[in-house]
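Visitor: To start, I am sharing the structure in question, which I have written as structure tokens.
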Amino acid sequence: MFKKRTHIILVLLLLIALVIWAGGCAKQQETPQGTAQGSEFKLPEKIVIGWAPPDITGVFKTAQDYLESAAKDAKEKVGLNIEIITRAPSAHTEYANQVAILENFIQRKVDAIVVSPIDVEPIKPVIKKANDAKIPVIVVNLLEPIEGIEVASYIGFDNEQAARVSAYAVLDYLGGPGVLGEGEKVTVSPETYLDEAWWKDLYSKVDTNSIKGNVAIIEGVAGDFFSNARTKGFRDVISKFPGVKILTVLPADWNREKAVKAAENILQNYKDVDVIWAECAEMALGAKNAVQAANRQDQVAVFSNDGTPESVDEIRKGTIVAETWHGFPEWGWYGTKFAAMLKLGLQIPEIFDVRPRTEYKDNADMFYPNPKLEPIDWNKIVDDAKALSK
């Protein structure tokens, strides 16, 4: 009798052990994919990026093209589906419209926002809302950190530094050493980065009284962050050369047609102007048109900041002498890359500096039609995301 009971108990214990083992297997099978060891990693069905430029003129259309180009590259290389939603105000002064666009992106629950602010202060409250909604924000067009909000990455350049590069190029044209004017010629390869460090070293021993000329500035929106920074950076360099005079500063709201009128004003009122420096490509193209219409292209040189296919073509023609590169292809290319990495849980650089540098006739091919961009290793990005999910 005792042996029979012992056998029954052993059978019951064996049955209990089998039930516990089966339950454990069932739980392992119910674990969501991508979270348990040995489970299969799956890419998101879609990554949605909201792109909010100040307008959709040449410079920002260039950035959009490269956002979409990187998305296409991801689809072709690893099957990652990325959608770019572009929304822009109709004019570069419509602050409230840009805020409304960002509000809409938050409501749509996009996976990431890439924004080039019209101005910094107006967007801070809505970026804070994106922070609260756990939507990462990538800011392009500046590197200066914005206080009071969380930004996942800044892709761009220091606006004052970019303007200083332009100032050195103008000094070169007016007779200083360099690659543009009639002063001392410096031999460089097209691949050389004519960035601020290069120019500062070149001008470190130049006699500041040796360069003379008259310059007019066409700025963006008077008093806004970007105009203030660029005008300040340009003045910081020019002020060290007493023979170079800044005759006037006129706003044109980053607009080509308004820049035509500003340049006409300059040409009518300052017969001795040598250079018009426009703080963006759209305005430089307007100034170029005004100079040509006045038949003064042999007397007045146009300089710019930005770098678009159209402005670089004008540099090849000689109607714009030089321009400082702001890296619009980089904004789009790395904007998409970084946004996708964030969605996949990966770390991205907090700062990506495009290094403002001088574009001129001899190096124009380095910028367009095929800008030199580092290939995106989408396979490594996916492999890193897989490893993180284990």
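The values are calculated or read from the model by the stated rules, or taken from the named source; none is laboratory data. These numbers come from a predicted model, not from an experiment. Positions of Cβ are generated from backbone atoms using ideal geometry, with glycine treated the same way; all protein chains shown enter the neighbour counts.
Visitor: Any idea which residue in the stretch 145-184 is nearest to the chain's Cα centre (by Cα), counting only those that are over 21 Å from ILE276 (Cβ atoms) and hydrophobic (A, V, I, L, M, F, W, C)?
Guide: ILE155
Visitor: Residues in the stretch 253-291 that are out of contact with any Ser or Thr (no Cβ under 7 Å at 6 or more places or on another chain) and part of a helix (DSSP H, G or I): how many?
Guide: Number of matching residues: 19.
Visitor: Being buried (at least 20 other Cβ atoms within 10 Å of the Cβ), among the small types (Gly, Ala, Ser), at pLDDT 95 or above and in the same structural domain as ASP313 (by TED's automatic domain parsing), is that true of even one residue in the stretch 240-249?
Guide: No: zero hits.
Visitor: Further question on the same structure: Please enumerate the residues belonging to the stretch 284-307 that are surrounded by 20 or more Cβ atoms within 10 Å (Cβ to Cβ) and among the polar types (S, T, N, Q).
Guide: Once the filter is applied, which keeps residues that are surrounded by 20 or more Cβ atoms within 10 Å (Cβ to Cβ) and among the polar types (S, T, N, Q), the stretch 284-307 yields SER304, ASN305.
Visitor: For the stretch 302-359, enumerate the residues that are farther than 20 Å from ILE218 by Cβ and among the hydroxyl-bearing types (Ser, Thr, Tyr).
Guide: Scanning the stretch 302-359 gives TYR334, THR336.
Visitor: Restricted to the stretch 214-239, and to residues that are surrounded by fewer than 16 Cβ atoms within 10 Å (Cβ to Cβ) and not hydrophobic (A, V, I, L, M, F, W, C), which residue is farthest from VAL165 (Cα to Cα)?
Guide: Among them, the one singled out is GLY223.
Visitor: Would you point out the residue of the stretch 141-167, among those that are among the aliphatic types (A, V, I, L, M), modelled with pLDDT of 95 or more and outside any helix (DSSP H, G or I), that is surrounded by the most Cβ atoms within 10 Å (Cβ to Cβ)?
Guide: Only one residue tops the list, namely ILE155.
Visitor: Would you please name the residue that is surrounded by the fewest Cβ atoms within 10 Å (Cβ to Cβ), looking only at residues in the stretch 368-390 that are at pLDDT 95 or above and assigned to a loop (DSSP other than H, G, I, E, B)?
Guide: Residue satisfying both the conditions and the ranking: PRO375.
Visitor: Additional query: With the requirement that a residue be surrounded by fewer than 23 Cβ atoms within 10 Å (Cβ to Cβ), in a helix (DSSP H, G or I) and among the charged types (D, E, K, R), what does the stretch 308-350 give you?
Guide: Within the stretch 308-350, GLU310, ASP313, GLU314, ARG316, LYS317, LYS343 qualify.
Visitor: Can you go through THR208, THR187 and tell me which one is in contact (Cβ under 8 Å) with a residue 12 or more places away in the chain and hydroxyl-bearing (Ser, Thr, Tyr)?
Guide: Just one listed residue meets the conditions, THR208.
Visitor: What pairs come up if the first residue lies in the stretch 367-390 and is over 22 Å from GLU323 (Cα atoms) and in the same structural domain as ASN81 (by TED's automatic domain parsing), the second is β-branched (Val, Ile, Thr) and assigned to a helix (DSSP H, G or I), and their beta carbons are under 8 Å apart, counting only those six or more places apart or on different chains?
Guide: If the second residue must be β-branched (Val, Ile, Thr) and assigned to a helix (DSSP H, G or I), the pairs left are TRP378/VAL78; ASN379/VAL78; ILE381/VAL78; VAL382/VAL78.
Visitor: Still on this model: Identify the residue in the stretch 75-89 that is within 20 Å of the chain's Cα centre (by Cα) and not aliphatic (A, V, I, L, M) and, among all such residues, is surrounded by the most Cβ atoms within 10 Å (Cβ to Cβ).
Guide: Result: PRO89.
Visitor: Next question. Could you say which residue among VAL206, VAL170 is among the hydrophobic types (A, V, I, L, M, F, W, C), in the same structural domain as ILE320 (by TED's automatic domain parsing) and part of a loop (DSSP other than H, G, I, E, B)?
Guide: On inspection, the qualifying residue turns out to be VAL206.
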